[in-house]
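Remarks on the structure that follows.
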Amino acid sequence: MRAALIAIMLSLSCLPAKAIASEAGFLQSLAGDWSGTGMVLTKIGGTNLKVSCTLRSDAGASAVSMNGTCRGLAVFTRTFSATVKAAGNGYTGKYVGPSGLPSKLAGSRKGAALNLRVTWARMVNGDRDAILLIEKIGQNRLRLQTVDQDPASGQPVVTSRIDLQRPSLAER
């Protein structure tokens, strides 16, 4: 997984400056209000919790800022935020999850998805590394997914997957 991310980052380093300007359209397509459902894994090998989430995303020509809330089992609410900026041939930023500690993001875009390496502020599932995928699906859908490595098997495990959509015109 890490080797694939490095290969993507190296291939993007050959893009002309005009390609970076095209990031504005992609980033701005992420702006707006989103809501949906998904799952969060409490820990690798643990239980999947069903969650419902809302997300507000503000975007400019070179950055996007996301602020969200997820609720599960009608007993817990967790907030999260991410700020990602186009930087040279890639993206950098920070993620703040339920711990309140800022984690680093770095990666690139391939098609309609940002593939970001997360460096957690503290140990999570036995290490400080994971992958965050922010994927635009069509005009009105968005997927947020984190993938971590199972410390026992070394295999990738989806630790959260949230599928969001823009409210329909009838709901506005």
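The values are calculated or read from the model by the stated rules, or taken from the named source; none is laboratory data. Values in this document were obtained by computation on a predicted structure and should not be read as measured data. Cβ: placed from backbone, ideal geometry, glycine included. Neighbour counts: every protein chain shown. To get the accessible areas, we keep the full protein, side chains included, count just its heavy atoms, and leave off ligands, DNA and RNA. Shrake-Rupley method; radii C 1.70, N 1.55, O 1.52, S 1.80 Å.
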Label-to-label distance, nm, for residues given as residue 81 and residue 52 (7 Å Cα→Cβ offset): 2.5
Mean residue ellipticity (222 nm) of the chain, computed from DSSP H runs ≥ 4 via -39,500 (n - 2.57), nearest 500: -3500 deg cm²/dmol
Considering every Cα-Cα pair within the chain, what fraction, in whole percent, is farther apart than 19 Å? 57
May I ask you to give the solvent-accessible area per residue for the chain, in square angstrom, as obtained with a 1.4 angstrom probe? 55
Relative to the Cα centre, what is the charge dipole magnitude of the chain, using +1 at the beta carbon of each Lys and Arg, -1 at the beta carbon of each Asp and Glu, and rounding to the nearest 20 debye? 100
If you take the square roots of the eigenvalues of the alpha-carbon gyration tensor of the range 76-157 and sort them as a ≥ b ≥ c, do you get rounded (a/c under 1.5), prolate (a/b over b/c) or oblate? rounded
